[in-house]
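Asker: One structure follows; several queries about it will come next.
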Amino acid sequence: MERILLYIISGETRASWNRAIDLSKSLSATLYALFIVDKDLVKTVADMRKLDEIDTAIKVEEEGWKYLYYLEDMAVNEGVRTALFVEEGDSIDILRKFVKEKEIELLIVGHRSGQGREGRREERIIQQLIEYVQCPILIDKEGGK
Amino acid sequence: MIEKFLDEDLIIVMDNVENKFAIIEKMLDQALRKGVIMTREPILHKIREREELESTGVVEGIAIPHARTEAVKDLLMIIGVIKEGLDFNSLDGKPVHIVFLIVAPEEAKSKYIQVLARISRMCRQEDFRKTLLSAGSPSEVISILEKFDT
């Protein structure tokens, strides 16, 4: 296996980051890490908090880059090749295209179950991933036994 | 946030550079001359190690080589402008015109990541890239960075 994709759905799923690094290392695969500035999420957050949509998108994107660089720092210490990406738009559309274009062989996504609005959003995205993304998917349940 | 790391003397314009490591060497030489670093070899080694693992070229003509090393006392940012562009093994395969070299000590991880995130986010803005690529002098580069650093 040469190309593993870690979809960083939020900063709360860091156990999956370790899993992705370990797996990439043991398989000598390149770890692609993707954060998506989801336009619906940005709109929801901006509406809820009465913030400007552009400012909200900027904050979300910068947070995403921080997650990516944290991940990269961890991966580099383990000697894992990494490539970081931030995209903007609809999460599922972007993931479908990304997996196809980069010929991703395994998609890893962390998942916290049932933690409020965010947890429900993640569950919805994961359901859609299973349905629409054409590659094997490893769902890493945070705190799962 | 990044304005405190900007220094006109650490912005250099280069022509006819052979390869990406030659650029990084020139940038570190400038920091040596300025007395910001005492030695360049350990930094160069860290950057090479990182670049050999994966190119840190971002997109659309901008690269952000970076590393953490005890060879620096505080976060250091050196900006290189390559007017003619150079192959940096970027992810998108396009030649690089602007290089942000960012080096920080091990203990400054949080600051280092914040600066990398800010620069990366700014670099995805088309407006920013276009304006920065048209800058004619180090002071202009600083003004543009300050303007977009919000």
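Bear in mind that the values in this text are calculations on the coordinates, not laboratory data. From a predicted model like this one, the values you see are computed outputs, not experimental measurements. Cβ: placed from backbone, ideal geometry, glycine included. Neighbour counts: every protein chain shown.
Asker: Quick check: the distance between the Cα centres of the stretch A:55-89 and the stretch A:8-27, to the nearest angstrom?
Answerer: 12 Å
Asker: Another question about this same structure. Using the Karplus equation 6.51 cos²θ - 1.76 cosθ + 1.60 (θ = phi - 60°), what ³J(HN,Hα) coupling, rounded to whole Hz, does each residue of the stretch A:41-57 give in order, writing x for Gly and Pro?
Answerer: Couplings: 5, 4, 5, 4, 5, 4, 5, 4, 9, 6, 10, 6, 5, 5, 4, 5, 4 Hz.
Asker: Enumerate the aspartates and glutamates that A:Lys141 could reach by cross-link, defined here as Cα to Cα under 12 Å, with residues fewer than 8 away along the same chain left out.
Answerer: Partners within reach: A:Glu12, A:Glu122, A:Glu123.
Asker: What's the average, rounded to a whole number, of partner chain beta-carbon atoms within 10 Å of each residue's beta-carbon in A:61-70?
Answerer: 6
Asker: For the stretch B:3-148, what is the relative contact order in percent, using Cα pairs closer than 8 Å and at least 6 residues apart in sequence?
Answerer: RCO, the stretch B:3-148: 26 percent.
Asker: Tally Lys/Arg at +1 and Asp/Glu at -1 over every other residue whose Cβ is under 14 Å from the Cβ of B:Gly35; what's the total?
Answerer: 0
Asker: Here's something else I'd like to know. Considering only DSSP states other than H, G, I, E and B, which GluC sites (Glu not before Pro) in the stretch A:52-145 qualify as loop sites with at most 10 other Cβ atoms within 10 Å?
Answerer: On the way: sites: A:Glu53, A:Glu61, A:Glu62, A:Glu63, A:Glu72, A:Glu78, A:Glu87, A:Glu88, A:Glu101, A:Glu103, A:Glu105, A:Glu118, A:Glu122, A:Glu123, A:Glu131, A:Glu142; in loops: A:Glu78, A:Glu103, A:Glu105, A:Glu142.
Counting only loop positions with at most 10 other Cβ atoms within 10 Å, the GluC sites (Glu not before Pro) in the stretch A:52-145 are A:Glu103.
Asker: Can you say what percent of the DSSP beta bridges in the protein assembly as shown, counting only those with both residues inside, are antiparallel? Round to 5.
Answerer: Restricted to the protein assembly as shown, the bridges split so that about 20 percent are antiparallel.
Asker: Separate question: Once you keep just the Cα pairs under 8 angstrom separated by 6 or more residues, what percentage relative contact order results for chain A?
Answerer: This gives 32 percent for chain A.
Asker: Related question: Name the residues whose placed amide hydrogens come within less than 5 Å of the amide hydrogen of B:Val96, ignoring near sequence neighbours (fewer than 5 apart) on the same chain.
Answerer: Here B:Leu86, B:Asp87, B:Phe88 satisfy the definition.
Asker: Gain in length, B:Glu107 to B:Ser143, computed as 0.36 nm per residue apart minus the alpha-carbon separation, to one decimal in nm?
Answerer: Length gained, B:Glu107 through B:Ser143: 10.0 nm.
Asker: Another question about this same structure. Pairs of lysines 8 or more apart, or on different chains, with alpha carbons under 25 Å: count those in the stretch B:1-97, would you?
Answerer: Within the stretch B:1-97, the lysine pair count is 20.
Asker: Tell me what chain A gives for mean residue ellipticity at 222 nm when only DSSP H runs of n ≥ 4 count, each as -39,500 (n - 2.57), the sum divided by the residue total, rounded to 500 deg cm²/dmol.
Answerer: Only helices count here, giving -17500 deg cm²/dmol.
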